[in-house]
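What follows is a single structure, written as structure tokens, with notes after it.
Bear in mind that the values in this text are calculations on the coordinates, not laboratory data. Remember, it's a predicted structure, so these values are computed and weren't measured experimentally. Positions of Cβ are generated from backbone atoms using ideal geometry, with glycine treated the same way; all protein chains shown enter the neighbour counts.
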Amino acid sequence: MKRNRYGRIVATVLGLSLALTACGGSKPEKVTDYGANSSGKAGAKEDSSGTGSAEGDTGNAAGAGKTSDTTAAKKSSTLPDIQAGGAPLWEDSFARDGKQVKIGIKTLSRDMDSLHSYRLKSVSKDMVYEKEVVKNILGDNAQEVHRDISRKDGDSMYLVEEIRGFRYNLHPEEAGVAGYSEDPVASWEDAGDLYYHTYEGSYMDVPYQLTIFYSGEERSKEISFWPKNPGDLVGVSSVDLAQPIPNHIEGINTEIWSGTNVWEAMKDRPNRTQGDEDTLKEAVRSFAEDKLKTPILAEDLKLTIGKGMGDPVKQEVLFFNEEDAYSGNLDEAVLDGYEVIYDMDHAYQSVEQNLTWLYGNDGRFAVTDRGVTGGYIRYRMEAEEQLADQVQILAFDNLMEAFREVIKTDFEMSKVNGQELSFDTAILGYYPISSEEHPGEYTLIPVWILPATSNGTVAYVLVNAVDGSMVEIIYTI
């Protein structure tokens with residue numbers, strides 16, 4: 001299912017698999033217990049001594065990390081430092097199938113300082129809570145919407161876009177219809193275990209619309225809600241759009257619309273929202289749990305993004321008139337609120353802008369000092385139990401040895417469209433491993449995501465950070 005939100009294209013749902021691969025000439029022990037000694041819960045059996053590098057390592061020259069089998073499983077709770085470019089942290093090169101493979105990790109990205117593990121369960125239809133959610137947001141006077149809706153008829157353009165994206169599952173022939181189209185779209189449809197329902201009513205004393213989506217095949221629900229006219233929220237009815245724009249905290253803001261620097265134009269009108277970051281994130285967390293019936297972890301919410309890539313950015317919500325903006329006129333524009341991103345996988349903005357992972361939960365919310373003013377959440381899995389608050393992972397050198405073997409044995413070299421396959425980035429995130437014994441249950445574990453490039457990105461390789469096994473290779477071509 002493809003979606004387009006603020007230019008974001010979403011790939012199809014990924015399968016969940018776990019395959020073992022060789023490490024240092026022998027297969028690593030498959031880890032099934034993701035508890036950690038430091039958590040006070042089920043303890044990991046592996047050696048947790050280690051400080052981030054194994055005994056016998058000789059540095060970061062080509063081939064660094066070549067250690068004996070006795071040190072290949074060293075674990076550590078110390079995470080490697082973030083790095084954006086510079087000298088390689090780990091290097092190696094070899095030939096395979098007539099192509100050169102070069103590994104030189106210069107960028108290491110992560111946005112967490114500790115790693116947890118959770119037991120998850122899939123979303124089922126009885127976890128949609130449709131009536132409760134509608135009442136929580138739109139009140140007792142909410143009305144079902146059984147008509148075609150469109151922006152030109154005064155409906156929320158963002159909701160129309162969400163519906164159009166979901167309909168790709170129901171009607172593949174509509175896949176060529178662009179987002180933000182003026183064409184109307186049905187607001188209500190049932191197709192067995194694949195449906196969506198739209199409602200309208202009042203929220204924050206202005207007209208709102210809300211759609212609830214459910215897919216039995218994907219075991220997921222999605223909730224999307226927006227004001228019909230965004231300008232009503234800021235008291236300027238002629239303002240018809242709201243969009244998050246990047247505020248580079250430590251850099252230069254060069255957001256140019258029709259020759260106008262947005263930040264220069266708005267310098268005399270600062271953001272009306274003055275709440276601190278923790279307060280705004282807590283507003284989103286409590287709103288999701290109490291109003292949307294979707295409990296989420298506070299640590300999976302981000303207001304400042306890009307820290308792991310060395311470019312911290314806050315997305316401030318700009319309300320503006322589309323027609324005026326095209327002519328460079330922002331006289332009526334208003335800054336009010338921030339975008340908070342919900343990212344269970346912790347890989348947002350660490351991969352290509354046009355690809356996000358769909359094995360977990362995600363969402364975006366606009367939040368002000370008044371509370372959450374709009375957004376969506378896609379919810380596939382709910383955390384049932386914390387297995388560990390600090391997971392022990394392989395030291396980075398040992399992890400890279402395991403990764404090298406994955407490329408030697410599992411990577412489909414037919415996907416390489418140049419003479420060389422390169423890896424220069426490692427991203428630490430999470431991935432849910434499916435339970436063989438209990439369908440619909442998963443264990444959320446830390447993984448390393450390594451983009452593979454050859455005339456562009458051709459794949460993402462996911463390696464289990466705990467035992468070095470190959471989790472998934474996601475090919476983009």
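As an exercise, use a Förster radius of 25 Å and the Cβ-Cβ distance of E384 and E282 to find the FRET efficiency, rounded to the nearest 0.05.
With a Förster radius of 25 Å, E is 0.65.
Indicate the gyration tensor shape class of segment 97-215 (rounded, prolate or oblate), computed on the Cα atoms with a ≥ b ≥ c the square roots of the eigenvalues: a/c under 1.5 is rounded; otherwise a/b larger than b/c is prolate and the rest oblate.
It is prolate, given that a/c is not under 1.5 and a/b is the larger ratio.
Looking at segment 93-155, which trypsin sites (Lys or Arg not before Pro) are in a loop (DSSP not H, G, I, E or B) and have at most 14 other Cβ atoms within 10 Å?
For trypsin sites (Lys or Arg not before Pro) across segment 93-155 that sit outside H, G, I, E and B with at most 14 neighbouring Cβ atoms in 10 Å, the list reads R147.
Remind me, relative contact order of segment 97-223 in percent, using alpha carbon pairs under 8 angstrom and six or more residues apart?
For segment 97-223, the relative contact order is 27 percent.
Counting DSSP beta bridges in segment 162-247, what percent are antiparallel, to the nearest 5?
Numbers: 21 of 21 bridges.
Looking only at bridges with both residues in segment 162-247, the antiparallel portion is about 100 percent.
All other residues with a Cβ under 13 Å from the Cβ of D148 taken together, and with Lys, Arg as +1 and Asp, Glu as -1, what is their net charge? All intermediate terms of the calculation are to be shown ahead of the outcome.
Working: positive: R147, R151, K152, R164, R167; negative: D153, D155, E182, D183, E189.
Here the charged neighbours net out to 0.
In segment 202-276, which trypsin sites (Lys or Arg not before Pro) fall in coil by DSSP and have 16 or fewer other Cβ atoms within 10 Å?
Passing both the DSSP loop test and the Cβ count: K267, R272.
Looking at segment 397-454, which GluC sites (Glu not before Pro) are DSSP coil and have at most 16 other C-beta atoms within 10 Å of their C-beta?
Here the sparse-neighbourhood loop sites are E412, E436, E437.
Rounded to the nearest 0.05, what FRET efficiency is calculated for K102 and E182 with R0 set to 45 Å and r the Cβ-Cβ distance?
With a Förster radius of 45 Å, E is 0.40.
Going Cα to Cα from K267, which aspartates and glutamates come in below 16 Å? Please leave out same-chain ones fewer than 8 positions away.
E255, E316, D331, E332, D336
Size of the dipole of segment 255-298 about the Cα centre, Lys and Arg at +1 and Asp and Glu at -1 on the beta carbon, nothing else charged, in debye to 20?
200
If Lys and Arg each add +1 and Asp and Glu each add -1, what is the summed charge of the other residues whose beta carbon sits under 11 Å from the beta carbon of E132?
Net of charged neighbours comes to +2.
What is the Cα centroid distance between segment 291-316 and segment 252-284, reported in whole angstrom?
16
Considering the zone a paramagnetic label at N253 would reach in this model (a point 7 Å from Cα along the Cα-to-Cβ line), which residues of segment 259-293 have amide N under 13 Å from it?
Taking a point 7 Å out along Cα→Cβ of N253, the residues of segment 259-293 whose backbone N falls under 13 Å are 261-273.
Full-extension gain between D148 and D331, please, as 0.36 nm times their residue separation minus the C-alpha to C-alpha distance.
Values: separation 183, 0.36 × 183 = 65.88 nm, distance 3.36 nm.
Additional length available on full extension: 62.5 nm.
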